[in-house]
Amino acid sequence: MKHNKYYVGIRGSLFLLFVALGLGSCRELTPEGPELQDIFGEFSILRPLTQDRTSVDFSAGETVEFIAELSVRTDWTLTIRSIETGARKILTGNEKLIMGDVARWNGSVTFAPLFSAGEHVVASLQFAAFPDSTMLSDTILITGSRPLPTGGILVSDFENPDQVFETFSEFSFEETSNGVEALFPAAIGDKYWYMFGRDNNGSVFVCGVRITATSAQGTSVFEFPTENEDKVWFNMFVFGPGVENTLLVIDFQEDDNLNGTYVPSQEGTYNYQIPVDWSGWRIISFPYSATALSTNGGLGNVDANGKREVNRILSLQFILLSAGGQNETFVGFGLDHALFTINGPFEP
């Protein structure tokens, strides 16, 4: 009898153990992230696009929150456009409930000119997978413009006639131009750097400009309050004429031995490439950690120290390339308000 009780006790304990394990397994199988219905359900608009105000004073720190609700998660793009100037701010996301920080606008711009007091804007919400479901907001009046952020380390705003620029151009290219211009409105101020040309011999190189730390800061290298490559951001407005095959390459040349000169066969160049496939002024921002060591043999592809070093950037080069090779079409772009910022991108 004792044996039977003992046996029953063991059997009961095992049963409870299996139940516990089963429940634990069920918990482990609980799906994480969005439910399948949120992704693969039928798309519909549960709440049309609205905003929390019809006038906004960005100079007083006010913001505009846009609100909409969808039945499923899908990639969306919110474009806020000035009716008067065409200035644009673009926000993107993948939420089904669009509100809060992901859909809040603080007056900053993606495509210049900057938003100004007295302008009227309207927002459109579009979906890549459902192009026929665009929604529009009410018109919003800007009563006060967003102040231009202060701080940062200016490389050039191209307004100073005494700043030194080192230009270079491939002699075999025709009808090239490379200099400070005012052919169309600048992103900020009155002037900008503009270069263009036509690739007639099948090469990809067109022209470029080099700006040293000496001409920008009066120092041998650019000086930052941090050596963390993730916290040093480069920013610049880039004007695109809407021409295919236009490529901008930004070179950061490092003085690895800190002797005041750059030797391209011995010291590193880190670059960042941008296909300029848009029309108008667009703000470009990226951390220094996003750059890659040059692949051009003898031109910065050997880094004596073997790593990026923000405190050794001697100069920047901006190079125009005709990415499609020989082409009768002109390629080109404008550059304005180039600067470094710390801990995050420049947000004008």
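The values are calculated or read from the model by the stated rules, or taken from the named source; none is laboratory data. Keep in mind the model is a prediction, meaning the values are calculated, not measured. Counting neighbours? That spans all protein chains shown, and the Cβs are built from the backbone with ideal geometry, glycine included.
Could you tell me whether the stretch 244-256 includes any residue that is within 17 Å of LEU314 (Cα to Cα), without any contact (Cβ under 8 Å) to a residue 60 or more places away in the chain and not aliphatic (A, V, I, L, M)?
yes
Conditions (1) assigned to a strand (DSSP E or B); (2) hydrophobic (A, V, I, L, M, F, W, C), marked per residue:
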{"residue": "PHE224", "(1), (2)": "no, yes"}
{"residue": "PHE237", "(1), (2)": "yes, yes"}
{"residue": "ASN257", "(1), (2)": "no, no"}
{"residue": "GLY260", "(1), (2)": "no, no"}
{"residue": "PRO264", "(1), (2)": "no, no"}
{"residue": "TRP281", "(1), (2)": "yes, yes"}
{"residue": "SER285", "(1), (2)": "yes, no"}
{"residue": "VAL302", "(1), (2)": "no, yes"}
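Which residues, counting only those in the stretch 111-124, are buried (at least 18 other Cβ atoms within 10 Å of the Cβ) and closer than 16 Å to THR77 by Cβ?
Initially, the stretch 111-124 is screened for residues buried (at least 18 other Cβ atoms within 10 Å of the Cβ), giving 111-115, 119, 121, 123.
If the condition is that a residue be buried (at least 18 other Cβ atoms within 10 Å of the Cβ) and closer than 16 Å to THR77 by Cβ, then PHE111, VAL121, ALA123 are the ones that fit.
Here are the criteria: (1) modelled with pLDDT of 95 or more; (2) surrounded by 15 or more Cβ atoms within 10 Å (Cβ to Cβ). Tell me which single one ASP101 does not satisfy.
(2)
So, in the stretch 216-255, of the ones that are surrounded by fewer than 20 Cβ atoms within 10 Å (Cβ to Cβ) and of a type in the set (Asp, Glu), which residue ends up modelled with the lowest pLDDT?
Out of the qualifying residues, it is GLU244.
Could you identify the single residue in ILE153, ILE83 that is at pLDDT 95 or above, under 22 Å from ASP190 (Cα atoms) and either surrounded by fewer than 16 Cβ atoms within 10 Å (Cβ to Cβ) or more than 17 Å from the chain's Cα centre (by Cα) (or both)?
Numbers: ILE83 fails: under 22 Å from ASP190 (Cα atoms).
Only one candidate passes the filter, namely ILE153.
Of the residues in the stretch 260-273, how many are modelled with pLDDT under 95 and of a type outside the set (Val, Ile, Thr)?
Pass one, the stretch 260-273, residues modelled with pLDDT under 95: 260-268.
So of that shortlist, the ones also of a type outside the set (Val, Ile, Thr) come out as 260, 262, 264-268.
Qualifying residue count for the region: 7.
Here's the yes/no breakdown for (1) acidic (Asp, Glu); (2) in the same structural domain as PHE111 (by TED's automatic domain parsing); (3) modelled with pLDDT of 95 or more; (4) assigned to a helix (DSSP H, G or I):
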position: ILE10; (1), (2), (3), (4): no, no, no, yes
position: ARG27; (1), (2), (3), (4): no, no, no, yes
position: GLU32; (1), (2), (3), (4): yes, no, no, no
position: ARG47; (1), (2), (3), (4): no, yes, yes, no
position: PHE66; (1), (2), (3), (4): no, yes, yes, no
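Among the numbered conditions (1) closer than 30 Å to ALA129 by Cα; (2) of a type in the set (S, T, N, Q); (3) modelled with pLDDT under 95, tell me where THR92 comes up short.
(3)
Quick check: anything in the stretch 108-127 outside the structural domain of ASP57 (by TED's automatic domain parsing), among the aromatic types (Phe, Trp, Tyr) and in contact with a strand residue (DSSP E or B) (Cβ under 9 Å, 6 or more places away or on another chain)? Full working, then the answer.
As a first pass, look at the stretch 108-127 and keep what is outside the structural domain of ASP57 (by TED's automatic domain parsing): none.
Looking for residues that are outside the structural domain of ASP57 (by TED's automatic domain parsing), among the aromatic types (Phe, Trp, Tyr) and in contact with a strand residue (DSSP E or B) (Cβ under 9 Å, 6 or more places away or on another chain), one finds none in the stretch 108-127, hence no.
Find the residue count for the stretch 184-195, including only residues that are part of a strand (DSSP E or B) and surrounded by fewer than 21 Cβ atoms within 10 Å (Cβ to Cβ).
To start, the set of residues in the stretch 184-195 that are part of a strand (DSSP E or B) comprises 192-195.
Filter once more, keeping what is surrounded by fewer than 21 Cβ atoms within 10 Å (Cβ to Cβ): none.
Summing the residues that are part of a strand (DSSP E or B) and surrounded by fewer than 21 Cβ atoms within 10 Å (Cβ to Cβ) in the stretch 184-195 gives 0.
TYR288 versus (1) without any contact (Cβ under 8 Å) to a residue 12 or more places away in the chain; (2) surrounded by 14 or more Cβ atoms within 10 Å (Cβ to Cβ): which is the lone unmet condition?
For TYR288, the exception is condition (1).
Search the stretch 289-321 for residues being of a type in the set (Gly, Ala, Ser) and within 22 Å of the chain's Cα centre (by Cα), and hand back the single one that is modelled with the lowest pLDDT. Walk me through it before giving the result.
Quick first cut of the stretch 289-321, residues of a type in the set (Gly, Ala, Ser) only: 289-290, 292, 294, 297-298, 300, 304, 306, 315.
Adding the requirement that they be within 22 Å of the chain's Cα centre (by Cα) leaves 289-290, 292, 294, 315.
Values: SER289: 98, ALA290: 98, ALA292: 96, SER294: 93, SER315: 97.
Once the filter is applied, the top-ranked residue is SER294.
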